[in-house]
Amino acid sequence: MRNIDIIPQNIESPFEKDEMFFSTTNPKGKILSGNQIFIRTSKYKEEEIINQPHNIVRHPDMPKIIFKLLWDYIQAGKPIVAYVKNMAKDGSYYWVLATVLPIFDEEGNILKYLSIRIKPETEYFKIAKKLYKKLKEIEEIDGIEASYEYLIKELNKLGFKDYDAFMKKILESELKLKEEVLNTNLEEKSQFSQKMKEIYNIFLSFKEIQTIYKEIYKFTEDFLKAGEFLKENSESIFSLSDDIRLISLNSSVESYKLGANGNSFFVLSTEMRKTAEKSGKAVRNMESLINKALSSIEDIVFSMSISKLGIFMINKFLEEVLCDKCTEKDISDQIIRDLCDNQTVIRTQLLNINSISKSLNDSFRKILDYLNTIRYLIKRLNFLYLSGMVESAHQTKTNFSIIFIQINELVSCTKKTIDQLSSNLSSIYEGNRIVKKDIEEVLEIMNEIEQTLQRFSIPSAIG
């Protein structure tokens, strides 16, 4: 069955804001599994949709460039987030925010893909719908490359440097809006069999993980604020050596005007130039570290969002499995595989956060060292300012007093920025330590869950 034979209808297939669904596909995009909400929303029977290409639910309104980006990302082993309009069997539509993630085997080859979908609601979704309509029109006239160029141009206008930055922001924003509605609560039923009780215990374990993860996710705001502060205030640090060099050049010019009477100012100008050179070296080294740290912060927040999404999804799925209609016979090997796939995604992202956090802390330590170097050079500048003001008092017909006042202003402003940056970085450094501790606790609980899952199914189900 192909959706090319289906006539699109301007009717929305029911998909509530507190619902989530997932599907897995093989590397070629054939559907391997999906939860009941996926089956219900797509309006296919399970036997109709399993082993079909995932484009069975593709809506003709979707621009091709979005699917090209999707395949480019996941085939490269990277996750992607995108707004997608899908079409159900009866032609009705449903919009999702899809997060598609590769799952790897032990050799690092892509084994399958997991796609988790939530109902989109933010302002970015409204922007995307209008943008997709335009992209579709461009593709029909000028092709997919022109469509891509227009997409990036429009994202740039919105303040995003590329699609990467956009997708990280939309996932974080959509999840923030759904913080409460995606929560699950389920009481143990007295008729639960031993097997169902173990599934219920897994549910409780993931509820515990969700509670711990709330504490981890609190740091996303801190990380984002730290990144913004670093971005905004590092510019003044980056321009420091140029500012000092310019002031020293002006000072040298003034000293030459005084001839022999300008020797003391020439010495001060030389000292300023040396300070500019030293600060320039420190700033250049720090600039690459700051850019690396900003990229790491983006990656940490993205991994936090994906793992949070995964935790919500696995709780929703367990709630579905433990519904009144489920019996012990309903706990198939495929359900266990799906639980393992979802858990694998969460584990991968948590380990990723740990790895990035370690790298980020290393960058922060080095940045703090360079800030201390610049702080020392600023003290040296302050000494030159005081010496210069004394000397310029004897030379009333020069611009030295203005020059040294500029130094004082530069010293004052830079010192304040350095103190704020140091405080900010130290705070995130400590936050990183807490996050690492919480993640280790979550991973321990997940190890126990994996041991339980291994008792349910064939060994190949794990991972």
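Looking across the range 180-213 at every residue that is open to solvent by less than 90 Å² (accessible area, probe 1.4 Å) and modelled with pLDDT under 85, the one that is nearest to Asn432 (Cα to Cα) is identified as Asn183.
Name the single residue, out of those in the range 109-132 being open to solvent by 50 Å² or more (accessible area, probe 1.4 Å) and not polar (S, T, N, Q), that is nearest to Gln349 (Cα to Cα). So, considering only residues that are open to solvent by 50 Å² or more (accessible area, probe 1.4 Å) and not polar (S, T, N, Q), the one nearest to Gln349 (Cα to Cα) is Leu111.
Listed by first and then second residue, the pairs linking a residue in the range 405-433 that is in contact (Cβ under 8 Å) with a residue 60 or more places away in the chain and of a type in the set (Ser, Thr, Tyr) to a residue that is in a helix (DSSP H, G or I) and surrounded by 14 or more Cβ atoms within 10 Å (Cβ to Cβ), with Cβ atoms under 7 Å apart and 6 or more places separating them unless they lie on different chains, are Thr414/Ser236; Thr414/Leu240; Thr414/Ile378; Thr417/Asn233; Thr417/Ser236; Thr417/Ile237; Tyr429/Asn361; Tyr429/Phe364. Within the range 350-384, restricting attention to residues that are open to solvent by 20 Å² or more (accessible area, probe 1.4 Å) and of a type in the set (S, T, N, Q), the residue that is nearest to Ser269 (Cα to Cα) is Asn382. Apart from one condition, Lys274 fits all of (1) within 30 Å of Ile247 (Cα to Cα); (2) touching a residue at least 40 places away in the same chain (Cβ under 8 Å); the exception is (2).
Within the range 142-186, can you find the residues that are in a loop (DSSP other than H, G, I, E, B) and acidic (Asp, Glu)? Once the filter is applied, which keeps residues that are in a loop (DSSP other than H, G, I, E, B) and acidic (Asp, Glu), the range 142-186 yields Asp162, Glu179, Glu180. Among the residues of the range 418-438, at least one is β-branched (Val, Ile, Thr), buried (at least 21 other Cβ atoms within 10 Å of the Cβ) and under 20 Å from the mean Cα position of the chain (by Cα).
Pairing each residue of the range 281-295 that is at negative phi with any residue that is basic (Lys, Arg), provided the two are 6+ apart or on different chains, yields C-beta distances under 9 Å for Asn285/Lys366; Met286/Lys366; Leu289/Lys366; Ile290/Lys231; Leu294/Lys231. The set of residues in the range 210-251 that are in a helix (DSSP H, G or I) and among the hydroxyl-bearing types (Ser, Thr, Tyr) comprises Thr211, Tyr213, Tyr217, Thr220, Ser234, Ser236, Ser241, Ser248, Ser251. Pro102 meets the conditions (1) surrounded by fewer than 19 Cβ atoms within 10 Å (Cβ to Cβ); (2) closer than 16 Å to Asn342 by Cα in every case but one. The failed one is (1).
The values are calculated or read from the model by the stated rules, or taken from the named source; none is laboratory data. Treat the numbers as computed from the prediction; the structure is a model and nothing was measured. Methodologically, a virtual Cβ is constructed for each residue, glycine included, from the backbone with ideal geometry; neighbour enumeration extends over all protein chains shown. Only protein heavy atoms, including side chains, enter the accessible area calculation; ligands, DNA and RNA are left aside. Shrake-Rupley method; radii C 1.70, N 1.55, O 1.52, S 1.80 Å.
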